[in-house]
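Chemist: Input: one structure, supplied below.
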Amino acid sequence: MTTRKKYSKEFKLDAVSLVLEQGYTRKEAAVSLDINRQMLGRWVNEHQTEDGQAFRGNGKLTPEQEENRKLKAQVKRLQMERDILKKATAFFAAETK
């Protein structure tokens, strides 16, 4: 069973710069770096489409994903507070009768 190689963000950015800035073809760059041509193509596409957020690493969220996570947590907390207030209102309304 083979283990998957992990490449650093700097290595990926250097590989992408060979293709985008230095004029190497994807095949030439892949052969010189001893990596798969399709993988290099995927890195180039990700770099071009991610607007500076490419190669974040495992578990690291984009700013939009992080904001979305925080907003969902806030909505959940506010819904719990609302439910508590509804129950308290019903309790005190029953007490006064």
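Chemist: Pairs please, first residue from segment 1-13 and assigned by TED's automatic domain parsing to the domain that holds Ile35 and under 10 Å from Trp43 (Cβ atoms), second anywhere and surrounded by 10 or more Cβ atoms within 10 Å (Cβ to Cβ) and not hydrophobic (A, V, I, L, M, F, W, C), Cβ atoms under 7 Å, 6+ apart in sequence or on different chains.
Modeler: none
Chemist: Name the one entry in Ala94, Ala29, Ala54 that is of a type in the set (Gly, Ala, Ser) and at pLDDT 90 or above.
Modeler: Matching residue, one of Ala94, Ala29, Ala54: Ala29.
Chemist: What residue, among those in segment 1-17 that are surrounded by 11 or more Cβ atoms within 10 Å (Cβ to Cβ) and charged (D, E, K, R), is farthest from the chain's Cα centre (by Cα)?
Modeler: Looking at residues that are surrounded by 11 or more Cβ atoms within 10 Å (Cβ to Cβ) and charged (D, E, K, R), I get Asp14.
The values are calculated or read from the model by the stated rules, or taken from the named source; none is laboratory data. It should be emphasised that the depicted structure is a prediction, and the values quoted were computed from it without experimental measurement. Counting neighbours? That spans all protein chains shown, and the Cβs are built from the backbone with ideal geometry, glycine included.
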